[in-house]
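Shown next, in structure tokens, is the structure this report addresses.
The values are calculated or read from the model by the stated rules, or taken from the named source; none is laboratory data. Remember, it's a predicted structure, so these values are computed and weren't measured experimentally. Quick reminder, even Gly has a Cβ in these numbers, built from the backbone with ideal geometry, and neighbours come from all protein chains shown.
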Amino acid sequence: MVRASLLRSISALLACCLFPLSGAAESILDQVTIAADSIVQEQSGETLNASGKVKIDWQNYTMFADRVEYSDKLRSALASGRVILIRADDILTADTLKIGLDSRLGSATNGTLRTTEGNLRVKGALIEKTGDDQYRMANGSFTSCDSDPPSWKFTAGELDLTVEGLASGRDVVFSVAEIPVFYTPYLLFPVKRERQSGFLFPRLGSSTKKGFYADFPFYWAVSPSAEALFDLDFQIKRGVGTGVQAAWLGRGGSHGDVIAYTIYDTVLSRERAEIGARIKEGVASGTDVNVDLHLASDRSFFRDFSEASGDYNRQALDSSLSMTKRWQSWYLAGETRILNDLDSTENQRTLQRLPELTLTGISRRLGALPLFAGIDSRLTNFYRREGVIGQRFAVQPSVAYYADLPEGLALSGWGGYRQRFYHASAGQGEGEKESGLAVAGASGAASFSRLYEAQGKELKRIRHIITPSLDYSFVQEKDQGNLPFFDYDDRVIGQNLVSWSLANSVTGRFDTPTGAEYLELVNLRLSQGYQLSGGRRELLNPADEHRRFTDIRLEAVVRPLKMLAIETDSRFSPYRAEVTGSAVAATLNDGKGNEAGIGYRRIAGALDYLEGNLTVNLLPPLVFQYTGRYSFDRRDFLEKYFAVEYRHQCWSIALSYRDRPDNREILVNFALAGIGGLGKVKVF
């Protein structure tokens, strides 16, 4: 079926380039400039006959022709012989053109319209405007191909349309390389300047789990600020699924998107489904309601039906409903959160927060003193079917001091008291309990900078900023074994920690033809801590009396070239003399469609993982893509993805192959420029 969006574009082009919509432009100027080799005026003085290299200018139009008969009384022109009408970057050529300069009514014979927007080419034996916003095209065709003959085109025996109304086409044929491949005797569709409702091309593919599948989407432009996509999904091995995606924008920053998919799985002989939503709604001034919902009918749903790398192997589903209220100095939030552990065989022992209330008093200055006071409090109701349940109320008032020092120097300190109250209904810590801890901290930093002149071709200046800092953190040591255990906030580890850091930032100024450009070349931070007393919670390197130093941490982003970025976040143990954790990534992008990336993450004894991606556009019109994820722990690939795309000026075809441990999938995408493709449609 012909895409409504393309036909909408054609109607808009006819309206804007050939005959502007009535009321959409200002009144035409009285002055019309005509130049030609010969101009003859009739005795009545009302008609001019111009011939030989005729040029007529009026308003924002320019017309060229071999001959033009112009009537001043009727304010109309009849042009013939190599007629060219130009408006902005759009061009209409025709054998003859009759147009009313005031009415904008008229017709063109054997007309061809070429437009820069969408690169559309429209031809018609007759193209005419018959009334306000009403058009007709006979024996016409349209394409986005420059070649002659075009690689593809749509033809229609007749096409009648009313802008912001309906259009009807008769004898519509789709041809590839002048070979007809699709025909429909009649087509009725809406014509609007905005987004269009209508059927989209199907999505086709084949996989180990689904078999051959075909997805048929329908797009609905609900309103200028809302849209929806409906899917009918046929899978040879699993059955027939239906889905919907919807998105909208509201006033005051309100917005939302929802997804739903359901299928009767013929392999498992039961209904399976997924529901998701992200909604923010402003109900009053400073008050928002937020919904973040993600539910599935079973734990293996995503492994069987999801395509995204981040979804098919997800470990948990987290859903929440919250309301927030903001005042000038206070912030109140209430949230209900449900966690579904997909890695567990059951969810009875998974801890849920039903609900959690947070009240925060934003720090405010205490009179004329250089002190700022604030308070944080949180009430949580913990629930699960099996295990300890109950409530916890934590409140922490605090006072902070910020020194008024010269630029480049910073000194601050704070102190507070964290009080927790419990009521547990069963298990450890049953009954009412309480515990308080003193907490404090301080920070001092200095910033030094220097500017250097550079002699590079584009690089002219370099600014280097170095910032050393020293921080102190104190948490009172206290036995908390008698308290209920809901999460690690119930077992706060006492500590007396001093840490240092050294940050370096190097920024370059480049002189380009478009002006000065600034690029951060190096951003590096080195840090480490020393435990004076107490302990700390580190999964990789637990603290004890013989290991007071924390791991040395290096965080860095380096850009030795404009097209190359290298990032790392690594930790080194001074006791074991080895890297305990590392995340390194490098990205190379030349801005011409070629990109390569590689990332490596390792946590000693827990994770060893490598991923890479490559896009090659060096052999046009072919584009190659590869993505791979390899686990050194499993000694196997988690996922491999290959794709090759052939890009023509007005169409493209892509073949992709995805290989996962439990599924293999082949997909073919075909796209027409200006129309869209056979790929998955993203509404939001």
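Report yes if some residue within region 573-582 is farther than 26 Å from GLN528 by Cβ and not in a strand (DSSP E or B); otherwise report no. Spell out the reasoning first.
Start the filter on region 573-582 by keeping residues that are farther than 26 Å from GLN528 by Cβ, which leaves none.
The answer is no; no qualifying residue exists.
Looking only at residues in region 365-375 that are aliphatic (A, V, I, L, M) and part of a loop (DSSP other than H, G, I, E, B), which one is surrounded by the fewest Cβ atoms within 10 Å (Cβ to Cβ)?
Out of the qualifying residues, it is ALA368.
Condition test on GLY390, is it crowded, with 17+ Cβ neighbours inside 10 Å and touching a residue at least 24 places away in the same chain (Cβ under 8 Å)?
Details: crowded, with 17+ Cβ neighbours inside 10 Å: yes; touching a residue at least 24 places away in the same chain (Cβ under 8 Å): yes.
Yes: the conditions hold for GLY390.
Go through region 406-432 and report how many residues are modelled with pLDDT under 90 and among the charged types (D, E, K, R).
3
For ARG378, indicate whether it is more than 30 Å from ASP318 (Cα to Cα) and either crowded, with 16+ Cβ neighbours inside 10 Å or out of contact with any His (no Cβ under 7 Å at 6 or more places or on another chain) (or both).
no
Considering every residue within region 382-392, establish whether at least one is within 38 Å of the chain's Cα centre (by Cα) and assigned to a loop (DSSP other than H, G, I, E, B). Don't jump to the end; show me each part of the working.
Taking region 382-392 as the starting set, the residues that turn out to be within 38 Å of the chain's Cα centre (by Cα) are 382-384.
With the extra rule that they be assigned to a loop (DSSP other than H, G, I, E, B), the set shrinks to 384.
So far as region 382-392 goes, yes, one or more of its residues are within 38 Å of the chain's Cα centre (by Cα) and assigned to a loop (DSSP other than H, G, I, E, B).
Any residue in region 467-490 that is within 25 Å of ALA400 (Cα to Cα) sitting within a Cβ distance under 6 Å of a residue that is polar (S, T, N, Q)? List the pairs, counting only those 6 or more apart or interchain.
THR467/SER447; SER469/SER501; ASP471/SER443; ASP471/SER499; PHE474/ASN496; VAL475/GLN495
From LEU561, LEU526, LEU519, which residue is among the hydrophobic types (A, V, I, L, M, F, W, C), surrounded by fewer than 16 Cβ atoms within 10 Å (Cβ to Cβ) and modelled with pLDDT of 95 or more?
Testing whether each residue is among the hydrophobic types (A, V, I, L, M, F, W, C), surrounded by fewer than 16 Cβ atoms within 10 Å (Cβ to Cβ) and modelled with pLDDT of 95 or more leaves just LEU526.
Any residue at all in region 117-140 that's aromatic (Phe, Trp, Tyr), modelled with pLDDT under 75 and within 30 Å of ASP102 (Cβ to Cβ)? Break it down into steps so the answer makes sense when it comes.
Taking region 117-140 first, the residues aromatic (Phe, Trp, Tyr) are 135.
Among the residues that remain, those that are also modelled with pLDDT under 75 are: 135.
Pick out the ones that are also within 30 Å of ASP102 (Cβ to Cβ) and you get 135.
Among the residues of region 117-140, at least one is aromatic (Phe, Trp, Tyr), modelled with pLDDT under 75 and within 30 Å of ASP102 (Cβ to Cβ), which makes the answer yes.
Might you let me know whether region 434-452 holds any residue that is modelled with pLDDT under 90 and either under 40 Å from the mean Cα position of the chain (by Cα) or buried (at least 16 other Cβ atoms within 10 Å of the Cβ) (or both)?
no
Any residue that is among the β-branched types (Val, Ile, Thr) and under 19 Å from PRO560 (Cα atoms) - is there at least one of those in region 444-465?
yes
Can you work out which of the residues in region 35-50 that are buried (at least 17 other Cβ atoms within 10 Å of the Cβ) and in a strand (DSSP E or B) is modelled with the lowest pLDDT?
LEU48
Considering only residues of region 59-95 that are of a type outside the set (A, V, I, L, M) and either in contact (Cβ under 8 Å) with a residue 60 or more places away in the chain or not assigned by TED's automatic domain parsing to the domain that holds ALA125 (or both), which is nearest to LEU113 (Cα to Cα)? Show your work before the answer.
Step one: filter region 59-95 for residues of a type outside the set (A, V, I, L, M), giving 59-62, 64, 66-67, 69-73, 75-76, 80-82, 87, 89-90, 93, 95.
Checking which are either in contact (Cβ under 8 Å) with a residue 60 or more places away in the chain or not assigned by TED's automatic domain parsing to the domain that holds ALA125 (or both) leaves us with 87, 90.
Working: ARG87: 11, ASP90: 7 Å.
So the residue we want is ASP90.
With surrounded by 17 or more Cβ atoms within 10 Å (Cβ to Cβ), in contact with a Leu (Cβ under 9 Å, 6 or more places away or on another chain) and closer than 28 Å to GLN352 by Cβ as the only criterion, which of VAL492, VAL506 stands out?
Result: VAL492 is the single residue among VAL492, VAL506 that is surrounded by 17 or more Cβ atoms within 10 Å (Cβ to Cβ), in contact with a Leu (Cβ under 9 Å, 6 or more places away or on another chain) and closer than 28 Å to GLN352 by Cβ.
Could you count how many residues in region 94-114 are more than 17 Å from ARG136 (Cα to Cα) and modelled with pLDDT under 90?
The number of residues fulfilling the criteria is 3.
Residue-by-condition table, conditions (1) surrounded by fewer than 15 Cβ atoms within 10 Å (Cβ to Cβ); (2) not β-branched (Val, Ile, Thr):
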site: THR287; (1), (2): yes, no
site: ARG299; (1), (2): no, yes
site: ASP304; (1), (2): no, yes
site: SER319; (1), (2): no, yes
site: LYS325; (1), (2): no, yes
site: SER329; (1), (2): yes, yes
site: ASP343; (1), (2): yes, yes
site: THR360; (1), (2): no, no
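I'd like the residue in region 576-624 that is of a type in the set (S, T, N, Q) and within 28 Å of ARG635 (Cβ to Cβ) and, out of all such residues, is surrounded by the most Cβ atoms within 10 Å (Cβ to Cβ).
Taking the candidates together, the pick is THR580.
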